[in-house]
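What follows is a short report on a single structure.
The values are calculated or read from the model by the stated rules, or taken from the named source; none is laboratory data. Note that this is a predicted model, so its numbers are computed, not measured. Heads up, the Cβs are rebuilt from the backbone with ideal geometry, glycines too, and the neighbour counts pull from every protein chain shown.
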Amino acid sequence: MGSVFQPDFAGDWSAQPPYDPVAEASASPLLGLGAYVDIKFTHWLQIEAEGRWLRFNQYAGIYQDNYLVGPRVPVHSFGKSTVYGKVLAGYSNMTFDTYGDHGRFTDFAFGGGIDYKLTKRISIRALDVEYHYWPTWGNSTLSPYGASAGIGYRIF
């Protein structure tokens, strides 16, 4: 899948010790690639895992990688389309600047989207939107958000 995300960090640091990064909207959205796996146990019991590497269109060397897993709930199906919601948890890695300052942070993502089944094995993830919440980031929190689209292939 391809993604575009607002990283919620524009490269500013607090002027007072301990000189923590300051959360604020960036003028440069991050672009990246990702992969997802959906596991369907029953109609209502589904798990989604995803990895996303937001490495393109970096501003000041800032990038984010996400590794998340959690429940996926089909909200409504019509024809070959399925609208779903999801709540994922995991961690994200972030590099803050061109000097290599980085960290790993707890990440919760709330989102949903729509999948369209083309064939028995191929589907289109027409839209997937997510709002992330990093509860501990420096002396504050961080809330990146974005959208993705891509192609799915059914193995089993």
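In the stretch 77-88, the residues that are under 14 Å from residue 44 (Cα atoms) reach residues that are assigned to a strand (DSSP E or B) and of a type in the set (Lys, Arg) with C-beta atoms within less than 6 angstrom, at least six apart or across chains, in these pairs: 84/72; 86/72.
Out of all the residues in the stretch 30-44, is one or more in contact (Cβ under 8 Å) with a residue 40 or more places away in the chain and over 20 Å from residue 107 (Cβ atoms)? No, there is no match, as no residue in the stretch 30-44 is in contact (Cβ under 8 Å) with a residue 40 or more places away in the chain and over 20 Å from residue 107 (Cβ atoms).
On the phi < 0 side of the Ramachandran plot, modelled with pLDDT under 95 and hydrophobic (A, V, I, L, M, F, W, C): does that describe residue 142? Step through it out loud before you land on a result.
On the way: on the phi < 0 side of the Ramachandran plot: yes; modelled with pLDDT under 95: yes; hydrophobic (A, V, I, L, M, F, W, C): yes.
The answer is yes for residue 142.
A quick yes/no check of all residues on (1) in contact (Cβ under 8 Å) with a residue 40 or more places away in the chain; (2) more than 21 Å from residue 59 (Cα to Cα); (3) surrounded by 15 or more Cβ atoms within 10 Å (Cβ to Cβ); (4) touching a Pro at 6+ places or on another chain (Cβ under 7 Å):
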position: 93; (1), (2), (3), (4): no, no, yes, no
position: 108; (1), (2), (3), (4): no, yes, yes, no
position: 112; (1), (2), (3), (4): no, yes, yes, no
position: 134; (1), (2), (3), (4): yes, no, yes, no
position: 138; (1), (2), (3), (4): yes, no, yes, yes
position: 153; (1), (2), (3), (4): no, yes, no, no
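Under the condition of being under 17 Å from the mean Cα position of the chain (by Cα), basic (Lys, Arg) and over 22 Å from residue 25 (Cα atoms), the residues counted in the stretch 100-141 number 1. Of the residues examined, residue 68 is one that is within 26 Å of residue 41 (Cα to Cα), surrounded by 16 or more Cβ atoms within 10 Å (Cβ to Cβ) and modelled with pLDDT of 95 or more. Would you mind finding the one in 47, 39 that is more than 17 Å from the chain's Cα centre (by Cα), β-branched (Val, Ile, Thr) and at pLDDT 90 or above? After applying the criteria, what remains is 39. Taken as a whole, the condition of being over 21 Å from residue 27 (Cα atoms) and either in contact with a strand residue (DSSP E or B) (Cβ under 7 Å, 6 or more places away or on another chain) or surrounded by 15 or more Cβ atoms within 10 Å (Cβ to Cβ) (or both) does not apply to residue 97.
Would a scan of the stretch 47-54 turn up a residue that is over 17 Å from residue 150 (Cα atoms) and either assigned to a loop (DSSP other than H, G, I, E, B) or free of Cβ contacts under 8 Å to residues at least 24 places away in the same chain (or both)? No. Here residue 74 meets each of (1) out of contact with any Ser or Thr (no Cβ under 6 Å at 6 or more places or on another chain); (2) part of a strand (DSSP E or B) with one exception, condition (1). The residue list 35, 89, 23 contains one member that is closer than 15 Å to residue 138 by Cα and among the aliphatic types (A, V, I, L, M), which is 23.
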